[in-house]
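All remarks here apply to the structure that follows.
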Amino acid sequence: MANQQRSTFNQTNAYAMQLGAGFGIYWCLGFICMIGGFSNPILHLLLSIILISTPFVGISLARYFERQVRQDGVVRFGRAWWFSFLLYFYACIILCLVAYIYFQFFDKGMFVSNYIAHLNLPENKQILEAPEFKQQLEQMLSATGFSNLEEVVRSITPTMFVANILDINTLLAAILAAPTALVSKTPNKYLNNQ
């Protein structure tokens, strides 16, 4: 029994690693679109498409996994959730590696400069000057010791960027794994045959 559970875990983990690597490359395309989107708005559209399609690609990969391992046994919700979580997590690790390499060695402050320029656009300035937002911003600045938003953005290190990506995507992986598992677990018509 313990060997079978270990074998099932190893199989689930191996598929999640392999498929998660490819999925991570897909996410990296989105990252490239985000970086390039400041100078080419079409890339922001492509980024939106990648972000919206991510759960559907995840479901497709999880269903592929279920079809591949169905002959070895039923993929119930728990195993489907675990596979889905690992799939998103391994994709996140690939994205974090690429983001760290980019921010540490290639960016040279370009992303932050573009982001600050974006914040200084008239339509964004209007939002930043809104009384509710201005009050929240002043509270945040007084709590952190910075004098303005630009200082805050410039203080973010590559490690902080990557830690933020890891935090957000790990939380989203746990959340997205549930609907992905519901859709990708072994269908009932196959449960009746076993």
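The values are calculated or read from the model by the stated rules, or taken from the named source; none is laboratory data. Quick caveat: nothing in here was measured; it's all calculated off a predicted structure. Here Cβ is always computed from backbone atoms with ideal geometry, including for glycine, and neighbour counts include all displayed protein chains. Note: areas computed on protein heavy atoms with side chains; ligands, DNA, RNA excluded. Shrake-Rupley method; radii C 1.70, N 1.55, O 1.52, S 1.80 Å.
Heavy atoms only, 1.4 Å probe, whole protein assembly: order Phe38, Phe56, Phe103 by accessible area, highest first. Mind showing how you got there, number by number?
Working: Phe38 60, Phe56 140, Phe103 20 Å².
My answer, sorted largest first, is Phe56, Phe38, Phe103.
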Solvent-accessible surface (1.4 angstrom probe) belonging to Ile101, in square angstrom, nearest 10: 80 Å²
Added length on full extension, which subtracts the Cα-Cα distance from 0.36 nm per residue, Ile175 to Glu138: 10.1 nm
Degrees separating the helix 158-184 axis from the principal Cα axis of the chain, which is the longest one: 40 degrees
From phi via Karplus (6.51, -1.76, 1.60), per-residue ³J(HN,Hα) for segment 111-125 in Hz, x at Gly/Pro: 4, 5, 4, 5, 5, 5, 4, 5, 5, 8, 5, x, 5, 7, 4
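What do you reckon, how do Trp27, Trp82 stack up by accessible area (1.4 Å probe), largest on top?
Details: Trp27 30, Trp82 90 Å².
Reading off the accessible areas and sorting them downward yields Trp82, Trp27.
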With DNA, RNA and ligands ignored, accessible area of Tyr64 (1.4 Å probe; Å², nearest 10): 90 Å²
Net dipole in debye of the chain [+1 Lys, Arg Cβ; -1 Asp, Glu Cβ; about Cα centre; nearest 20]: 1020 debye
Compactness of segment 1-58 - radius of gyration and Dmax, Cα, Å: 16.7, 57
Descending principal axes extents, segment 52-139, alpha-carbon based, whole Å: 60, 35, 23
Per-residue HN-Hα couplings for segment 54-61 [Karplus 6.51, -1.76, 1.60; θ = phi - 60°; Hz; x = Gly/Pro]: 3, x, 6, 5, x, 5, 4, 5
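Please state, as a whole number in µm²/s, the translational diffusion coefficient that the Stokes-Einstein equation yields for segment 1-151 at 25 °C and 0.890 mPa s, with Rh defined as the Kirkwood radius across alpha carbon pairs.
Details: Rh = 18.6 Å.
Reported coefficient: 132 µm²/s.
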Surface accessible to a 1.4 Å probe, Thr144 within the full protein complex, Å²: 70 Å²
Largest to smallest accessible area among Arg6, Arg67 [probe 1.4 Å]: Arg6, Arg67
0 to 90° range, to nearest 10: angle between helix 77-101 axis and the chain longest Cα axis: 40 degrees
Pairwise FRET efficiency - Leu182 versus Lys125, Cβ, R0 = 45 Å, nearest 0.05: 0.55
Per residue, in Å², the accessible surface of segment 1-114 once ligands and nucleic acids are set aside, probe 1.4 Å: 55 Å²
